[in-house]
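**Student:** Before anything else, here's the structure in question.
The values are calculated or read from the model by the stated rules, or taken from the named source; none is laboratory data. Since we're looking at a predicted model, the values are computed, not measured. Cβ coordinates were reconstructed from backbone atoms using ideal geometry, including for glycine residues, and neighbour counts include every protein chain displayed. Ligands, DNA and RNA are stripped out before the accessible areas are found, and what is left, the full protein with its side chains, is counted by its heavy atoms. Shrake-Rupley method; radii C 1.70, N 1.55, O 1.52, S 1.80 Å.
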Amino acid sequence: MFLSKFLSGELCEVEPVYDPKRGYRYETVETIMGDPSEVEAFLEKLYEAGILARQLHDEVIFCPKCNSAGISTRYCCPYCKSFNIKKSSLIEHVKCGYMDVEENFHKDDRLICQKCHDELTKPDVDYRRAGVWCTCKECNKSFDIPVAKLFCRDCHKEFTFEDASIRPVYTYTLKEDAKKEAAEGWVLIPPITEFLTQNGYEVKSPAYLKGKSGANHMFDIVATTKENTKNPTVIDLATSTNNTVTEQPVIALFAKIFDVTPHAAYLIAIPKLNDNAKKMAELYNIQAVEGKDQKEAINNLKEKITKTK
Ligand SMILES: [Zn+2]
Ligand SMILES: [Zn+2]
Ligand SMILES: [Zn+2]
């Protein structure tokens, strides 16, 4: 469902949205998953599987005491550690070299030098800004670089960068090759399902079947007739975007049907199986259906299914 939103164009990227209470959330994915707590692990898994690409969106700081993401930065006096400080900028009068904080140059609406009493009008010509200057309102000391501290707005704990836990937050997109691969499988399933339904089958896609071993196996399509509900027909899809499909999906399907013993098993390979895979399919009693494109594959499948029904 998640991938189909990308393929239909409804979704082109999954961008986290900031929630002041819970930190970043992926609302579109939450709607699909149902359980918000599983979303991040789900996206991480798809990233690790090479399906999604990601880009760093933000680094979120969490409170070491209550794990809240509602953190603010406090700039403090390096002497008494108070955050009750005043930030100003230093101004230098170019002509006489006098330097002071900006407020001390203010006279009515003008900037006047306290040393030579000239008016400062042209920035970068008459005067230049020489950096930041802070004054502590608690201890009255002045400094240019404040000390940063973090403050939890929820539990009011003040802590340092050292104690903070920081987690990256990403924006996710679907990788181009994954999009191609998914698109082929995705557009293939509805017409097959439709054809089978019209021919009296009950179809599930994807579907799980329990084998003799007790294990559950997933098939792309499982179709049953009313007369034969115990032995369904199973269909898997294998696509290769450039050359031929290898024996790997044949082996995977064989392992599943060995356990499940269906009425018939089909492997749809686009554009075609390699020679070894073809031989194996025959040996394992898997009906290989090839097609250079989806249309051809579907037609070949229809032909085979109508024959074996
Ligand atoms: Zn806290
Ligand atoms: Zn101070
Ligand atoms: Zn001056």
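**Student:** Checking a compactness column here: for the range 143-183, what do you get for Rg(Cα) / (2.2 N^0.38 Å), N being the number of residues?
**Tutor:** Cα Rg divided by the expected 2.2 N^0.38 Å: 2.24.
**Student:** Using DSSP to call loops (not H, G, I, E or B), can you name the chymotrypsin sites (Phe, Trp or Tyr not before Pro) in the range 19-61 whose Cβ has at most 15 other Cβ atoms within 10 angstrom? Intermediate values should be presented prior to the final figure.
**Tutor:** Details: sites: Tyr24, Tyr26, Phe42, Tyr47; in loops: Tyr26.
Sites meeting the loop and neighbour criteria: none at all.
**Student:** Considering only protein heavy atoms, what is the solvent-accessible area of Lys292 at a probe of 1.4 Å, reported in Å² to the nearest 10?
**Tutor:** So the heavy atoms of Lys292 present about 140 Å² to solvent.
**Student:** Here's another thing I want to ask about it. Hey, which of these cross-link pairs are over 30 Å Cα-Cα: Lys256/Lys307; Lys175/Lys272; Lys279/Lys307; Lys5/Lys212; Lys45/Lys302?
**Tutor:** Details: Lys256/Lys307 24 Å; Lys175/Lys272 24 Å; Lys279/Lys307 21 Å; Lys5/Lys212 36 Å; Lys45/Lys302 36 Å.
Going by Cα-Cα distance, Lys5/Lys212; Lys45/Lys302 fall outside the 30 Å limit.
**Student:** Are there trypsin sites (Lys or Arg not before Pro) in the range 1-89 that DSSP marks as loop and that have at most 16 other Cβ atoms within 10 Å, and which are they?
**Tutor:** Within the range 1-89, the qualifying trypsin sites (Lys or Arg not before Pro) (loop, at most 16 other Cβ atoms within 10 Å) are Lys21, Arg22, Lys65, Lys81.
**Student:** Along each principal axis of its Cα atoms, how long is the range 47-112 end to end? Whole angstroms, biggest number first, please.
**Tutor:** Answer, in whole Å and largest first: 66, 31, 23 Å.
**Student:** What is the Cα centroid distance between the range 208-260 and the range 116-195, reported in whole angstrom?
**Tutor:** Centre-to-centre distance over Cα atoms comes out at 48 Å.
**Student:** Okay, moving on. Relative to the longest principal axis of the chain, what angle (0 to 90°, nearest 10) does the C-alpha long axis of helix 294-308 take?
**Tutor:** Once rounded, the angle reads 30 degrees.
**Student:** By its C-alpha gyration tensor, with a ≥ b ≥ c as the square roots of the eigenvalues, how is the range 182-299 shaped: rounded for a/c under 1.5, else prolate for a/b larger than b/c, else oblate? Mind dumping the intermediate values first?
**Tutor:** Working: a/c = 1.85, a/b = 1.19, b/c = 1.55.
Verdict is oblate for the range 182-299.
**Student:** Heavy atoms of the protein only, probe of 1.4 Å, neighbouring chains included. What is the accessible area of Lys141 in Å², nearest 10?
**Tutor:** 100
**Student:** By a straight-distance test (C-alpha under 22 Å), which lysines pair with Lys21 as possible cross-link partners, with residues fewer than eight away in the same chain excluded?
**Tutor:** Filter leaves Lys65, Lys149, Lys157.
**Student:** Under 10 Å, Cα contacts only: if you run a Gaussian network model on the chain, which one of Thr121, Thr244, Thr225 comes out with the highest mean-square fluctuation?
**Tutor:** So, out of Thr121, Thr244, Thr225, the one fluctuating most is Thr121.
**Student:** If the viscosity is 1.567 mPa s and the temperature 4 °C, what Stokes-Einstein diffusion coefficient in µm²/s follows for the range 190-248 when Rh is the Kirkwood radius over Cα pairs? Intermediate values should be presented prior to the final figure.
**Tutor:** On the way: Rh = 12.9 Å.
Roughly 101 µm²/s, to the nearest whole number.
**Student:** Classify the range 3-89 as rounded, prolate or oblate, taking a ≥ b ≥ c as the square roots of the eigenvalues of its Cα gyration tensor: rounded when a/c is under 1.5, otherwise prolate if a/b is larger than b/c and oblate if not. It would help to have the intermediate numbers written out before the result.
**Tutor:** Details: a/c = 3.08, a/b = 2.56, b/c = 1.20.
Since a/c reaches 1.5 and a/b is larger than b/c, the shape of the range 3-89 is classed as prolate.
**Student:** If you keep only loop residues by DSSP, which chymotrypsin sites (Phe, Trp or Tyr not before Pro) in the range 75-144 have at most 16 other Cβ atoms within 10 Å of their Cβ?
**Tutor:** On the way: sites: Tyr75, Tyr79, Phe83, Tyr98, Phe105, Tyr127, Trp133, Phe143; in loops: Tyr79, Phe83, Tyr98.
Within the range 75-144, the qualifying chymotrypsin sites (Phe, Trp or Tyr not before Pro) (loop, at most 16 other Cβ atoms within 10 Å) are Tyr79.
**Student:** Separate question: Beyond 17 Å, what percent of the Cα pairs of the range 238-309 remain? Can you show the working numbers first?
**Tutor:** Values: 1014 of 2556 pairs.
For the range 238-309, the fraction of Cα-Cα distances above 17 Å is 40 percent.
**Student:** Starting from the Kirkwood radius over alpha-carbon pairs of the chain, derive D by Stokes-Einstein at 4 °C in a medium of 1.567 mPa s and give it in µm² s⁻¹. List each step's numbers first, then the result.
**Tutor:** Details: Rh = 25.7 Å.
Using the Kirkwood radius from Cα pairs, D works out to 50 µm²/s.
**Student:** So what is the 222 nm mean residue ellipticity for the chain from helices alone, if each DSSP H run of at least 4 adds -39500 (n - 2.57) and you divide by all residues, rounding to the nearest 500 deg cm²/dmol? Walk me through the intermediate numbers first.
**Tutor:** Working: 7 runs with 83 residues, N = 309.
For the chain, the value works out to -8500 deg cm²/dmol.
**Student:** Pairwise over distinct Cα atoms, reciprocal of the mean inverse distance: report the Kirkwood radius of the range 64-176 in Å, one decimal place.
**Tutor:** Numbers: mean 1/r = 0.0578 Å⁻¹.
One decimal place: 17.3 Å for the Kirkwood radius.
**Student:** Could you give the angle, 0 to 90 degrees to the nearest 10, between helix 176-198's Cα long axis and the longest principal axis of the Cα atoms of the chain?
**Tutor:** 40
**Student:** I want to check the label-to-label distance for Ser89 and Ser4. Put each point 7 Å from Cα in the C-beta direction and report it in nm to one decimal.
**Tutor:** Once both label points are built, they end up 5.7 nm from each other.
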